[in-house]
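The values are calculated or read from the model by the stated rules, or taken from the named source; none is laboratory data. What you are looking at is a predicted structure, and each value in this text was computed from that prediction instead of being measured. Using ideal geometry, Cβ is built from the backbone for each residue, glycine included, and neighbour counts are taken over all protein chains shown. The protein model used for the area step is the full one, side chains on, heavy atoms only, and it has no ligands, DNA or RNA in it. Shrake-Rupley method; radii C 1.70, N 1.55, O 1.52, S 1.80 Å.
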Amino acid sequence: QVQLVESGGGFVQAGGSLRLSCAASKSIFSIDAMGWFRQAPGKQRELVARTVRGRTTYYADSVKGRFTVSRDSAKNTVYLQMNSLKPEDTGLYYCKAEYQYKDYWGQGSQVTVSS
């Protein structure tokens, strides 16, 4: 099993920045893939970014060039740096770990961007 604990998020004006953290209960090198998802009110959850085995990260077109995934292997933590935030980035953000053919989710972090 993998436990994920998220932190960060909050309220910011358009154009601002926030950073989300996702701390895993085991080495991130042992996790098959780590991803970030978000869900806006009334909408389906969507993929924001995903990294497989710590290699190339895929970014959704809507966040490409503004969001960056990084990691601190010593802390077993993955980060989502969000810059140039827009009101449409508002939503509940989740990290997900894919490990041994199962998905594990963080508790979610609210991000609210005002115009």
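Is it the case, given these coordinates, that R71 is outside any strand (DSSP E or B) and at pLDDT below 95?
Numbers: outside any strand (DSSP E or B): no; at pLDDT below 95: yes.
No, not satisfied.
Of all residues in the range 6-24, which are assigned to a strand (DSSP E or B) and either in contact with a Gly (Cβ under 8 Å, 6 or more places away or on another chain) or surrounded by fewer than 15 Cβ atoms within 10 Å (Cβ to Cβ) (or both)?
Taking the range 6-24 first, the residues assigned to a strand (DSSP E or B) are 6-8, 10-13, 18-24.
E6, S7, G10, F11, Q13, L18, R19, L20, S21, C22 - these are the residues of the range 6-24 that are assigned to a strand (DSSP E or B) and either in contact with a Gly (Cβ under 8 Å, 6 or more places away or on another chain) or surrounded by fewer than 15 Cβ atoms within 10 Å (Cβ to Cβ) (or both).
When both residues are 6+ apart or on different chains and their Cβ atoms are under 6 Å apart, which pairs have a first residue that lies in the range 53-69 and is within 21 Å of I31 (Cα to Cα), and a second that is assigned to a strand (DSSP E or B) and at pLDDT below 95?
T57/T51; V69/T51; V69/T57
Can you go through G54, G9 and tell me which one is small (G, A, S) and touching a Lys or Arg at 6+ places or on another chain (Cβ under 8 Å)? Reasoning before the result, please.
Details: G9 fails: touching a Lys or Arg at 6+ places or on another chain (Cβ under 8 Å).
The conditions single out G54.
Would you check which residues across the range 54-82 are within 21 Å of A23 (Cα to Cα) and of a type in the set (S, T, N, Q) and list them? Break it down stepwise before answering.
First pass over the range 54-82, keeping only residues within 21 Å of A23 (Cα to Cα): 54-59, 67-82.
Of everything in the range 54-82, those that are within 21 Å of A23 (Cα to Cα) and of a type in the set (S, T, N, Q) turn out to be T56, T57, T68, S70, S73, N76, T77, Q81.
If a residue has to be in contact with a Leu (Cβ under 8 Å, 6 or more places away or on another chain), open to solvent by 50 Å² or more (accessible area, probe 1.4 Å) and under 10 Å from K96 (Cα atoms) to count, how many in the range 25-58 make the cut?
0
Being β-branched (V, I, T) and open to solvent by less than 30 Å² (accessible area, probe 1.4 Å) is the filter here; which residues of the range 70-115 pass it?
As a first pass, look at the range 70-115 and keep what is β-branched (V, I, T): 77-78, 90, 111-113.
Listed by number, the residues that qualify are T77, V78, V111, V113.
Output the qualifying pairs, or none if there are none: Cβ atoms under 8 angstrom, residues six or more apart or on different chains, first residue in the range 1-25 and under 18 Å from S115 (Cβ atoms), second residue surrounded by 13 or more Cβ atoms within 10 Å (Cβ to Cβ) and of a type in the set (D, E, K, R).
Taking only residues 6 or more apart or on different chains, the pairs are A14/K86.
Could you figure out which of (1) closer than 26 Å to P41 by Cβ; (2) touching a Ser or Thr at 6+ places or on another chain (Cβ under 9 Å) isn't true of S62?
It fails just one condition, (2).
Looking at S84 and the list (1) in contact with a helix residue (DSSP H, G or I) (Cβ under 7 Å, 6 or more places away or on another chain); (2) at pLDDT 95 or above; (3) among the hydroxyl-bearing types (S, T, Y), which single condition is not satisfied?
(1)
Looking at (1) free of Cβ contacts under 8 Å to residues at least 40 places away in the same chain; (2) over 16 Å from A24 (Cβ atoms), which is the only condition N83 fails?
With (1) free of Cβ contacts under 8 Å to residues at least 40 places away in the same chain; (2) over 16 Å from A24 (Cβ atoms) applied to N83, the lone miss is (1).
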